[in-house]
Amino acid sequence: MTDLFTVKTIHRRAARYLKRQSQDVQDRFWAALDRLRVGPFPSDDPAHIAHLKGPLHCSYRYMLAGGRRGLRILYDVDQEARKITMYDFGPRGAVYRG
């Protein structure tokens with residue numbers, strides 16, 4: 001078995017948004033984080049993960065499947081330390097505004 005990545009940080013803004021969501025959204029969020037721990041790069045799950053361009057403070061986004069709204073998880077990966085820092089979680093338009 002390969003070494004799993006660990007989630008180093010979930011920033012406060014993302015944690016507050018998650019807390020206000022339904023149990024279904026929370027369950028899908030934690031399932032997505034489990035998938036990211038196995039493989040956080042676009043080559044691991046090209047349908048859900050993309051490398052971001054531009055002036056954002058993070059490098060990747062995970063598109064949360066299901067539901068009526070397009071939810072995104074924005075995160076960065078420290079490959080040497082095998083740690084994931086999750087910066088934001090929320091609706092598609094809001095997470096990119098910062």
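The values are calculated or read from the model by the stated rules, or taken from the named source; none is laboratory data. Owing to the predicted nature of the structure, the values given are computational and were not obtained by experimental measurement. Don't worry about glycine lacking a Cβ; one is built from the backbone with ideal geometry, like all the others, and counts go over all protein chains shown.
Starting from residues that are of a type in the set (D, E, K, R) and either in contact with a strand residue (DSSP E or B) (Cβ under 8 Å, 6 or more places away or on another chain) or assigned to a helix (DSSP H, G or I) (or both), keep the ones in the stretch 7-31 and report whichever is nearest to Lys83 (Cα to Cα).
Here is the first cut: in the stretch 7-31, the residues of a type in the set (D, E, K, R) are 8, 12-13, 16, 19-20, 24, 27-28.
Then keep just the ones that are either in contact with a strand residue (DSSP E or B) (Cβ under 8 Å, 6 or more places away or on another chain) or assigned to a helix (DSSP H, G or I) (or both); that gives 8, 12-13, 16, 19, 24, 27-28.
Values: Lys8: 6, Arg12: 18, Arg13: 19, Arg16: 22, Lys19: 23, Asp24: 26, Asp27: 21, Arg28: 21 Å.
It comes out as Lys8.
So how many residues does the stretch 28-77 have that are of a type in the set (D, E, K, R), surrounded by fewer than 12 Cβ atoms within 10 Å (Cβ to Cβ) and at pLDDT 90 or above?
Here the count works out to 1.
What's the total number of residues in the stretch 32-65 that are among the charged types (D, E, K, R) and not in a helix (DSSP H, G or I)? Walk me through it before giving the result.
Residues of the stretch 32-65 that are among the charged types (D, E, K, R), as a first pass: 34-35, 37, 44-45, 53, 61.
From the residues that got through so far, the ones that are not in a helix (DSSP H, G or I) too are 44-45, 53, 61.
The number of residues fulfilling the criteria is 4.
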